[in-house]
1. Take every DSSP beta bridge with both residues inside the protein assembly as shown and express the antiparallel ones as a percent of the total, to the nearest 5.
2. Could you compute Rg(Cα) / (2.2 N^0.38 Å) for segment A:50-182, with N its residue count?
3. How large is the dipole of chain A about the Cα centre if only Lys and Arg carry +1 and Asp and Glu carry -1, each at its Cβ, rounded to the nearest 20 debye?
4. Mind giving me the nanometre distance, one decimal, between the label points for A:Asp127 and A:Phe182, set 7 Å out from Cα along Cα→Cβ?
5. For chain B, with all protein chains present and a 1.4 Å probe, just round the carbon and sulfur fraction of the accessible area to a whole percent.
6. Label-point separation (nm) for B:Asp96 and A:Ile277, each offset 7 Å from Cα along Cα-to-Cβ?
7. Using the charge dipole of the protein assembly as shown (Lys, Arg: +1 at Cβ; Asp, Glu: -1 at Cβ; taken about the Cα centre), state which of B:Gln232, A:Val330, A:Trp394 has its Cα farthest towards the positive end.
8. Please give the net charge around A:Ala284, taking every other residue with its beta carbon less than 15 angstrom from that of A:Ala284, where Lys and Arg add +1 and Asp and Glu add -1.
Amino acid sequence: MSLYLESPRTKKRNAAERRFQSYGLAAIAAALFFLVVLLGQIIGNGSGAFIQTRLTVPVTLDAAAIEKAEGSMMKTSGYRKLIVASLSAEMQAKGIEAELDSKAAKALLSSGAPNTLRQHVLANPADIGSTVTLKLAGSSRLDGYMKGRVTRESISDDKAITPAHLDLADELIGVGLLSKGFNWGFVTGNDASDLRPEQSGMGQSVLGSLAMMLVVLAVCLPISVAASIYLEEFAPKNKLTQFIEVNISNLAAVPSIVFGILALAAFIQFGGGTIGIEAFRASAPLVGGLALSLMTLPTIIIATRAALKAVPQSMRDAALGVGASKMQAVFHHVLPLAMPGIMTGTIIGLAAALGETAPLLLIGMVAFVQTDISGATSFFTDPNVGMPAQIYIWATRADGAWYERAWGGIILLLIFLACMNIVAILLRRKFERRW
Amino acid sequence: MFDQPSNLAPQVETPVTTDHKITAENVNVHYGDTHAIKDVNVKIDDKTVTAFIGPSGCGKSTFLRCLNRMNDTIDICRVSGLIELDGEDINHAKVDPVQLRAKVGMVFQKPNPFPKSIFDNVAYGPRIHGQAANKAELDEIVEKSLRSAALWKEVKDRLHAPGTGLSGGQQQRLCIARAVATAPEVLLMDEPCSALDPIATAQVEELIDELRENFSVVIVTHSMQQAARVSQKTAFFHLGELVEFGETGQIFTNPHDSRTESYITGRIG
Ligand SMILES: Nc1ncnc2c1ncn2[C@@H]1O[C@H](COP(=O)(O)OP(=O)(O)O)[C@@H](O)[C@H]1O
Ligand SMILES: [Mg+2]
């Protein structure tokens, strides 16, 4: 038979091969499609959290009014009057006829605006007596209107804002007093109470997650590398080590909430309560990190052992053959070759820990943190939240503004994860054998 | 498995002087239930090349690995019998296998240079044994070892290039250089040429002949021609037994055992 002709057998084989390739392509296309949809959803829903509506107000800092405000019980209400007066004056100057009554001011301005002004005054006492132009946050309803989430129809039952207020907002846009800008507060700020989504931020929970990741890394990496090296290179292969191996694999499959309740019992109730260790208190990132370590350890141990197993026996033989001790063989030759694999396993474990919510809920890492963390010890022991817990809390709140924040939080979570991965890749590069 | 001193062991403090470098008496090796080496007795001379030949799976590598206790690294492997190096029981409880392996170097079947530079490959042994007081001494050891492995001329300009970037034959000579760098007294080679082309093989064979001046060399080979070319003594293994051991010339021209004859004439194997 001529080589130019496909035999029936070859034809069938080639068809099967083409079919298989098309399945593969279809699978990749589907995966890409889902990825694009997912990312589109996240960015579409969450990017709003990074934009904030702001009123540009030239505030006249009258010395007497400020002194009076500082002397009163509700310090911010004095500042509030200052803002409203300045904004009214500015509106008139720009030719807006509508009046800014207190209801309209409440509807348009964030309740946090007076505090922003007060902080500015406290930080710049020299400004007292002059006029400073500040960008003050708009209310969450106004913010929603600017982003298209709130419309005249959707507020028909709303007591906080009326269509007349929205007309006023339109006029403010017209004269350039109302605009949108990047919301640093969302990246750096704390959680805020139910009614003030425009003042909430992820910053606190980013620090909480960072603290937990540091604890997980510090606990898991040494323990799992030591355990893996011992099991893989030194331990005799007997019933006991087999039993340990099987159980490590089993632990990796235990639901994370179980580790959460274990951490609650072992660290908070026993460690903090019975023994009385000061640092082991509910909501502390230290305890959160330990809880996450429990669930991350088996993952990293399994990955590390696989990496050690992948180092060819000939490397160990070569080292032992020139008279290296077992430990020298492991530390000089096996471990460096296994390092990239260990890094990969560690980053997978950390990524899983970063996104874990259930154990955090059990140990109370859903603290409502209003004040900033200061100092190194309090960084690990002051009550805090983790990023996924913060997102979870926001997602359970009713207002549409919170929904947007939750999605925005997910964007930050993904960015955090990407940063972790980049660090891991850089470290991997450093360790990777160069030949 | 090596922890109890063999009852045949002489006093460690007063080594018996013999004219043999290594003597093995009644050596048995088991891998689990597999009886891999059966009652092997052999005497290996100093400054001699001894070849182990035999069909594959007959236990040549296993026996070779007994001589520097590399079998320690295999969990299921049990070795019994007496093996003496210069009259000292190498399996004695007081013997540290690490010290033994510095004296009894090994070259493996597959070239296995470390993924480090050529220099670091050769310098590794002397470094961990503290055999060089300073950098100059270390440089000297490395050069001497590379010269004795007939590799110096080819690599002297790229000592800091990766050892894994060399050709197969060069890699194997690098491994030989690495093994001789620790100044061993015995050099064990397990089919060192099986992964090499004929030219590289010829180079390594020539090298083995030169190494004989300073070391006792034990080489495992499945090539009878190679055994005939490089060795003075030959041991023929079959199914875990040492069938015949003697002068290479005698084994190849006038074997006493019919199994040896069958093997060298090509009827077993
Ligand atoms: N690591 C091991 N585990 C179990 N059995 C082994 C091992 N190494 C060798 N053997 C067995 O021991 C016997 C001798 O093997 P080996 O010494 O490698 O033979 P050769 O080097 O002569 O080809 C063979 O039957 C082999 O199956
Ligand atoms: Mg072999």
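1. Numbers: 39 of 56 bridges.
So the antiparallel bridges in the protein assembly as shown amount to around 70 percent.
2. Numbers: Rg = 14.8 Å, N = 133, 2.2 N^0.38 = 14.1 Å.
It is 1.05.
3. Numbers: 37 positive and 31 negative charges, 412 e Å.
Here the size comes out at about 1980 debye.
4. Modelled inter-label distance: 2.1 nm.
5. Details: 5650 of 11670 Å².
The C+S portion of the solvent-accessible surface of chain B is 48 percent.
6. With each label placed 7 Å out from Cα toward Cβ, I get 3.8 nm.
7. After comparing all options, I get A:Trp394.
8. On the way: positive: A:Arg281; negative: A:Glu278, A:Asp382.
Here the charged neighbours net out to -1.
The values are calculated or read from the model by the stated rules, or taken from the named source; none is laboratory data. Predicted model only: the values in this text are computed from it and were never measured. Note that each Cβ is placed from the backbone with ideal geometry, even for glycine, and that neighbours are counted across all protein chains shown. SASA here: full protein model, heavy atoms, side chains in, ligands and nucleic acids out. Shrake-Rupley method; radii C 1.70, N 1.55, O 1.52, S 1.80 Å.
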